[in-house]
Amino acid sequence: MRRVISLACVFLLVPALVFAAPHYKKEYKLSTVVGPKLPWGEGATLFARMVKERTRGRINIKVYTAASLMAGKQTNEFLILKQGVADFAFASSINWSSTLKELNLFNLPFLFPDYSAIDRVTEGYVGERIKADIKKKGVTILGWGENGFREITNSKRPITKPEDLKGLKIRVVGTPIFIDIMKSFGANPVNMNWGEAKVAFQQGVVDGQENPVVSILIPVKIWEFHKYITVWHYVIDPLMMSVNNKVWESFTPEDREIVRQAAIEAAHWQKMQVRKGLVAPDLHAYDVLKEHGMEVTILTPAQIKAFKNLTKPVYDKWVPKIGEDLYKETLKAIEYH
């Protein structure tokens, strides 16, 4: 009799265990706007691999590169993630800043003097504030990566003072604040995607562009188009390993912790890759550019100040949109050593 009862209990428990198991998708989509061979894309791939291994295949993430989930329009990425077209994204703060005005904090020219300053901001109170604001809008940020400080290259002349930029046609990303910044220097900003920009460089229609050295300029062989680069660290571009809120809430607490830790580790690894060769005494990334015939100009603090002095109208326009309090907290973090 006891055996019959125990078997009956087992059969009653099995359906309960089945129904208690989490209902996961066979595949989760991760969006990124670059190709798989760039450090940014490699970070996304590392994250997907770590999650699959650590969850023993319960969470299978496929990386969709080159903005393929948004038909090439990078500024739509936050919307497709919020709407569930993508489940995850390893995203640029620049691309999301058209929709999320607070992310223009990272686009303010010459605000961040070095890597330690950006780390204090993203890993401190300001970073948590931004995470909380974005979570209210449907997306959870799990970890901070980095595309890098953006430097300017061109085919015409060295840029050492604002006058050198006057009249130059500079390709910029499709975010309004970048138009304002370049206009403040007297340049003519041109918004176009990278594929169009390469053709424009070859035809001489566009004179220059701005992008990070290790993550973009070296991989795309910028020396094929431009002879001159000016290192001025005018804007930095944090990356966000992120997930749709509904997807995040569908995971068990144990799996959420696995995914969160994988995001932190993969984003940190990616960040370290794009900083290699850019911090003294190791400046080999600039040597790569020189070896390919580029003239590298590293601006002094006094030279940078001449450019920053022209950007007051940019700050006057954009700080209120970002939030005065967020800006002030950022200044506190930057100035703290």
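Bear in mind that the values in this text are calculations on the coordinates, not laboratory data. All of these numbers come straight from a predicted model, not from anything done at the bench. Note that we place each Cβ from the backbone using ideal geometry, even for glycine, and neighbour counts take in every protein chain shown.
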Max mean-square fluctuation residue, GNM over the chain, Cα-Cα springs under 10 Å, options SER184, SER93, SER242: SER184
Expressed in whole Å with the largest first, what are the equivalent ellipsoid semi-axes of region 55-128 derived from the C-alpha gyration tensor as the square root of 5 times each eigenvalue? 27, 17, 11
Once every DSSP H run of n ≥ 4 in the chain is given -39500 (n - 2.57) and the sum is divided by its residues, what mean residue ellipticity at 222 nm do you get, rounded to the nearest 500 deg cm²/dmol? -13500 deg cm²/dmol
Between HIS268 and ALA66, what length in nm is gained on full extension when 0.36 nm per residue of separation is reduced by their alpha carbon distance? 70.6 nm
Starting from the Cα of VAL199, step 7 Å along the direction of its Cβ; do the same at LYS25; then give the gap between the two resulting points in nm. 3.3 nm
FRET efficiency for LYS135 and LYS312, using Cβ-Cβ distance with R0 set to 41 Å, rounded to 0.05: 0.80
Would you grab the residues whose amide H sits under 5 Å from the one on GLY145? Only those 5+ places off in sequence or on another chain, please, with H modelled 1.01 Å from N. LEU239, MET240, MET241
Region 25-328: Cα Rg divided by the 2.2 N^0.38 Å rule of thumb: 0.99
Cα lying deepest toward the dipole's positive end in region 63-177, options SER98, PHE112, GLY127, charges on Cβ: SER98
P(r) histogram, all alpha-carbon pairs of region 151-271 included - 5 Å bins from 0, percent: 2, 10, 18, 18, 14, 9, 8, 8, 6, 5, 2, 0
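For the pair ALA280 and ARG56, what calculated FRET efficiency results from E = 1/(1 + (r/R0)^6), where r is the Cβ-Cβ distance and R0 = 45 Å, to the nearest 0.05? Display every interim value, and only then the final one.
Numbers: r = 44 Å, r/R0 = 0.97.
Efficiency for this residue pair is about 0.55.
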